[in-house]
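Worksheet: the structure to be examined is printed underneath.
Laboratory data are not the source of any read-out in this text; all were calculated from the coordinates shown. A quick note: this is a predicted structure, and the numbers were derived from the prediction, not measured. Positions of Cβ are backbone-derived with ideal geometry, glycine not excepted, and every protein chain shown enters the neighbour counts.
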Ligand code: MN
């Protein structure tokens, strides 16, 4: 049985972001029973890393870091200065991750996060691959992995499917770069959770679960059970982190970046507690179902075999 760390994104719990908010998020996540908290690193110097690390140590909570690149620091940009600025931002985040004790830097770190006015070019692909290879080398020095988040077409023009992400990781050519899947985005771009997970080709390293309108798990069209079965099938043992956003619970800047125009929920602790209970129940149900399926499958095959031999029976010897 795999034991995934279950996490929550800190901005589910906090609206503004500073050291006090980060410490509160760590304590709230631990109090709710989560194993891990994901810290936003849009601006690594927004929080005092030593203070946050003390809070993490006190609670025993694991930590990851994430961000989406801004357009003026897009590592995939054809403009070398913009790409270099993106690479510099990621280098700083890798250092911050090490300071705070995180082994994963996740998110939209392959291109600018937002709606792009045109398709990505070969040049964008090469810029991202070359820049991320250098960032990955820096991260390898501290045992940190880069998890490239597969996001929908309105949030990146470069990586919209697991298959594309796996191809980009091939181009980067570093072992410490992994695929980061998110059910909210998969629900828009992928044919099924099973196909998306399979397309990662063993390189899945981080998972976000979010509902189709970014609210309570189970309130939308995301196939959480299908995802958990697919993760079980590939023996995924990495973190599963809950993410949800509502206009009234984020800053106007983040609302604009993520196109959050509606108030979906307003009690973060209730939402996060519900998500943790839903994930735990889902993982238990997956274990039970897979165990049952094993037996059921054998039964089904036997029945299917018998059934299919019946019509052909008269023609068979
Ligand atoms: Mn996500």
> Calculated from DSSP H runs of 4 or more alone, at -39500 (n - 2.57) each and per residue, what is the 222 nm mean residue ellipticity of the chain, nearest 500?
Replying inline: -16000 deg cm²/dmol
> Given the Cα-Cα distance of residue 118 and residue 225 and 0.36 nm per residue of separation, how much length would full extension add, in nm?
Replying inline: 35.0 nm
> Rounded to a whole number, what is D in µm²/s for the stretch 29-134 from Stokes-Einstein with the Kirkwood radius over alpha-carbon pairs (25 °C, 0.890 mPa s)?
Replying inline: 168
>> Please rank 195, 155, 190, 103, fewest neighbouring Cβ atoms within 10 Å first, as an exposure proxy.
In response: 195, 103, 190, 155
> If you take the Cα Rg of the stretch 130-239 and divide it by 2.2 N^0.38 Å, with N the number of residues, what do you get?
Replying inline: 1.06
>> Under the √(5λ) rule applied to the eigenvalues of the Cα gyration tensor, what semi-axes describe the equivalent ellipsoid of the chain? Give them in Å, descending.
In response: 35, 25, 18
>> Counting other beta carbons within 10 Å of each residue's own, what order do 28, 121 fall into, fewest first?
In response: 121, 28
> Using the alpha carbon gyration tensor of the stretch 172-218, what are the three equivalent-ellipsoid semi-axes (square root of 5 times each eigenvalue), largest first, in whole Å?
Replying inline: 22, 12, 8
>> Which log10 I(q)/I(0) values does the stretch 181-300 give at q = 0.11, 0.13, 0.14 Å⁻¹ under the Debye formula, counting every alpha carbon as one identical point scatterer?
In response: -0.41, -0.56, -0.64
>> Between helix 80-100 and the chain, what is the angle of the helix's C-alpha long axis to the longest principal axis, kept within 0 to 90° and rounded to the nearest 10?
In response: 80
> So how tilted is helix 122-140 from the main axis of the chain? Cα-based, degrees 0 to 90, rounded to 10.
Replying inline: 80
>> Only counting other Cβ atoms within 10 Å, I'd like 264, 109 sorted with the fewest neighbours first.
In response: 264, 109
>> Defining a contact as two alpha carbons under 8 Å apart and six or more residues distant in sequence, what relative contact order in percent does the stretch 147-209 show?
In response: 40
> Per residue and in cubic angstrom, what volume does the convex hull of the Cα atoms of the stretch 218-275 have?
Replying inline: 115
>> I'd like the orientation of helix 224-233 relative to the chain: the angle between its Cα long axis and the longest Cα principal axis, in ° from 0 to 90, rounded to 10.
In response: 80
> Looking at the P(r) of the stretch 93-180, how many percent of alpha-carbon pairs lie beyond 18 Å?
Replying inline: 39
> Can you give me the relative contact order of the stretch 1-41 as a percent, contacts being Cα pairs under 8 Å and 6 or more apart?
Replying inline: 53
